[in-house]
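**Q** Please see the structure below; I have some questions.
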Amino acid sequence: MIIGIIDYGMGNLFSVEQALKKLECTVILSDDPEILGKAEAILLPGVGAFPDAMELLNEKGLSSFIQSLPEKNIPLLGICLGMQLLYEDSTEGKLTQGLGLLKGHVRRFEKGTDRIPHMGWNRLEFSRMPYWLNDVQSDTHVYFVHSFLAVETAPEEVWATAGYSGVEVPGVVGSGWITGMQFHPEKSGDFGHYLLEQWIANVRRNQNEQVSNLSRD
């Protein structure tokens, strides 16, 4: 499978690239929408500040490229800052418009939170299953590093959360072919690699089967 990684200057690309190659993916690393358009799925990484990231995406014509992916039925995975960019806006530094692919806003953890940034291992609790995930393992701990989180989200777009300092942090989110992970799956041990493997293996499933509710009436 060909995975395009968006290289816009704000991502720890080596670890993500190596994780994908271990899963026998062919990786296209580029900031050129035309080249990335040859991929079967797109990964949007990100480390740093929201405003800087959006400025670079806009300058390179990547914002419109990313926003066009859902209508083309091309799966998209945003990781860490890459997930936050999928939302409507962020107040990091200054109010900045995001890609607007998911409902919600990105805001800093409130004062009184145990420690900011939220850094370390936390357990994911799944309330809904993404279309690409067959099952969860017994240990769902993943590695987080972030000071901002998605708030005022749509419940149907939040698949898993992690509790931190009394806050339910959206950890795995998505809508349609769009998926976001607030943590770093490539740095999250066996379960993180399992999530990547499942995403890659199932991105071509029928869109009508994308979400199933775990709860039973």
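**Q** Positive end of the charge dipole of the range 24-125 (Lys, Arg +1 and Asp, Glu -1 on Cβ, about the Cα centre): tell me which of LEU43, MET54, GLY93 has its Cα farthest that way.
**A** The listed residue farthest towards the positive side: GLY93.
**Q** To continue, here is another question. Excluding PRO155 itself, what net charge comes from residues whose Cβ is under 13 Å from its Cβ, given Lys and Arg +1 and Asp and Glu -1?
**A** On the way: positive: LYS103, ARG128; negative: GLU152, GLU156, GLU157, GLU168.
Surrounding charge for PRO155 is -2.
**Q** Quick one: what are the phi-derived ³J(HN,Hα) couplings along the range 26-37, Karplus 6.51/-1.76/1.60 with θ = phi - 60°, whole Hz, x for glycine and proline?
**A** Once θ is set to phi - 60°, the couplings for the range 26-37 become 8, 9, 9, 10, 7, 10, 9, x, 5, 6, 5, x Hz.
**Q** For the chain, what is the accessible area per residue in Å² when the probe is 1.4 Å?
**A** Details: 9800 Å² over 217 residues.
Per residue, the chain has an accessible area of 45 Å².
**Q** Same structure again: Which one of TRP177, VAL151, TYR164 has its Cα pushed farthest toward the positive end of the charge dipole of the chain, where Lys and Arg give +1 and Asp and Glu give -1 at the Cβ?
**A** Value computed over the given set: TYR164.
**Q** Which pairs break 25 Å Cα to Cα here: LYS60/LYS111; LYS72/LYS94; LYS22/LYS72; LYS60/LYS187; LYS60/LYS94?
**A** Among LYS60/LYS111; LYS72/LYS94; LYS22/LYS72; LYS60/LYS187; LYS60/LYS94, the Cα-Cα distance tops 25 Å for LYS60/LYS111; LYS72/LYS94; LYS22/LYS72; LYS60/LYS187.
**Q** Quick check for you: which residues of the range 143-180 have the amide N under 11 Å from the point 7 Å beyond the Cα of ARG108 toward its beta carbon?
**A** In the range 143-180, the label zone of ARG108 (backbone N under 11 Å from the point 7 Å along Cα→Cβ) covers 147-148.
**Q** Run the accessible area of the range 25-129 with a 1.4 Å probe and give the carbon-and-sulfur part as a rounded percent. Present the calculation step by step, with values, prior to reporting the outcome.
**A** Working: 2240 of 4850 Å².
Carbon with sulfur: 46 percent of the solvent-accessible area.
**Q** Keeping all protein chains in the complex and leaving out DNA, RNA and ligands, what accessible area do you get for HIS193 with a 1.4 Å probe, in Å² to the nearest 10?
**A** 60
**Q** Let me ask something else. How long are the three semi-axes of the equivalent ellipsoid of the chain, in whole Å, if each is the root of 5 times an eigenvalue of the C-alpha gyration tensor, listed from largest down? Present the calculation step by step, with values, prior to reporting the outcome.
**A** Numbers: eigenvalues 107, 92, 55 Å².
Semi-axes (√(5λ), whole Å): 23, 21, 17.
**Q** Separate question: How high is the relative contact order of the range 1-152, in percent, with contacts defined as C-alpha pairs under 8 Å that are six or more residues apart?
**A** Numbers: 266 pairs, mean separation 27.8, N = 152.
That works out to 18 percent.
**Q** Treating only the Cβ atoms of Lys and Arg (+1) and Asp and Glu (-1) as charged, compute the dipole magnitude of the chain about its Cα centre; round to the nearest 20 debye.
**A** The calculation lands at about 180 debye.
**Q** What are the DSSP H helices in the chain that stretch 15 Å or more along their long axis, judged by alpha-carbon atoms, and whose average Kyte-Doolittle hydropathy comes to at least -1.0? Don't skip to the end; give the middle numbers.
**A** Values: long enough: 189-202 (20 Å, -0.25).
Membrane-span-like by this rule: 189-202.
**Q** Which value, in Å² rounded to 10, gives the accessible area of MET119 with a 1.4 Å probe and all protein chains present?
**A** The accessible area comes out at roughly 90 Å².
**Q** With both partners inside the chain, how many of the DSSP beta bridges are antiparallel, as a percent to the nearest 5? Could you put the intermediate results ahead of the total?
**A** Values: 26 of 43 bridges.
Once the DSSP bridges in the chain are tallied, antiparallel ones form about 60 percent.
The values are calculated or read from the model by the stated rules, or taken from the named source; none is laboratory data. Quick caveat: nothing in here was measured; it's all calculated off a predicted structure. We place every Cβ from the backbone using ideal geometry, glycine too, and count neighbours over all the protein chains shown. Each accessible area value is taken on the protein alone, full model and side chains, heavy atoms only, with ligands, DNA and RNA left out. Shrake-Rupley method; radii C 1.70, N 1.55, O 1.52, S 1.80 Å.
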